[in-house]
Amino acid sequence: MSRDEWIRIAGWSGIAGAGLLILGDLLIGGWRPVSGGVLVDLDLEGLMRATYRVDSAGHRLAHLVGALLGPIAAILYAVGTIQMWCALRPAGRGLAGFVCGAFVLGLMVGGGGFHVAFAFLPVGLLAEQAGATGPEVWEYLGDVLDAISATSGIPLLLGSIGFAFAVVRRDTMYPYWMVALTPMLLIVTRPLAGWIPAPVGGPIFVAHFNLCWLVFFVVSTRVLSRGDERSIPARSGRGG
């Protein structure tokens, strides 16, 4: 299989992974037609109360399906990083491998583990309904999500730093302006979703992480599919 074919297949895999996780986000609860400001300041307990309906069997099933989409989409994300490796390879195999390895780890934990964890979050509400819960339940569930976020966030941050360094300082198949789409730079814009009004603000806020990766893979696939961008790996040909 040629490099161009790998670039296309990996790009579409990344796009599909982002699309599945956005769907998972919406199934878990981001479908509510509220503004981003309604959700931005909520803690974990408040978010679950705002998005989860204990009395709805259909919603419980949708929540579970959304959570279980995580591991499937994480695999697609991992395949998608092959495209990034192809684009960064001129910067050096070691650097390209480090960046892609960091992103794979972060996306497998963040995309897969974080979503699966949401399958267990309704335990707090269900136990409360049975009169057997207290603040310590939500504290524990919050600690679990914080641990997953840290385990995911550290490699994603390191991968993003490596990606930005490669694009700016080394020869890659990406134009310079792709540094603006460094995943962590996009992800830190999440608070801006709090300003988006209903009915789309809430869903965008909930799905923001995966929307950022969707933007990245769509633009990356478009850029790398242009023969003039790929044909000149030297710095002088990366005007974009």
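The values are calculated or read from the model by the stated rules, or taken from the named source; none is laboratory data. Quick caveat, the model's predicted, so the values are computed rather than measured. Here the Cβ is made from the backbone with ideal geometry for all residues, glycine too, and neighbour counts use every protein chain on show.
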query: Of everything in region 1-53 that's within 22 Å of residue 123 (Cβ to Cβ) and not in a helix (DSSP H, G or I), which residue is modelled with the lowest pLDDT?
result: 31
task: Could you please find all residues in region 168-207 being in a helix (DSSP H, G or I), touching a residue at least 40 places away in the same chain (Cβ under 8 Å) and of a type in the set (Val, Ile, Thr)?
output: 204, 206
query: How many residues are buried (at least 17 other Cβ atoms within 10 Å of the Cβ) and farther than 19 Å from residue 210 by Cβ if we restrict to region 145-170?
result: 5
query: Taking region 174-194, which residues are at pLDDT 85 or above and of a type in the set (A, V, I, L, M, F, W, C)?
result: 177, 178, 179, 180, 181
field: Test: residue 195 is of a type in the set (Phe, Trp, Tyr) and surrounded by fewer than 20 Cβ atoms within 10 Å (Cβ to Cβ)
entry: yes
query: Looking only at helices (runs of 4 or more DSSP H) that fall completely inside region 66-167, which ones have 1 or more residues that are modelled with pLDDT of 90 or more and either over 20 Å from residue 11 (Cα atoms) or touching a Leu at 6+ places or on another chain (Cβ under 6 Å) (or both)?
result: 93-107
statement: Of the conditions (1) of a type outside the set (A, V, I, L, M, F, W, C); (2) part of a helix (DSSP H, G or I); (3) at pLDDT below 85; (4) over 20 Å from residue 100 (Cβ atoms), the single one that residue 229 does not satisfy is (4)
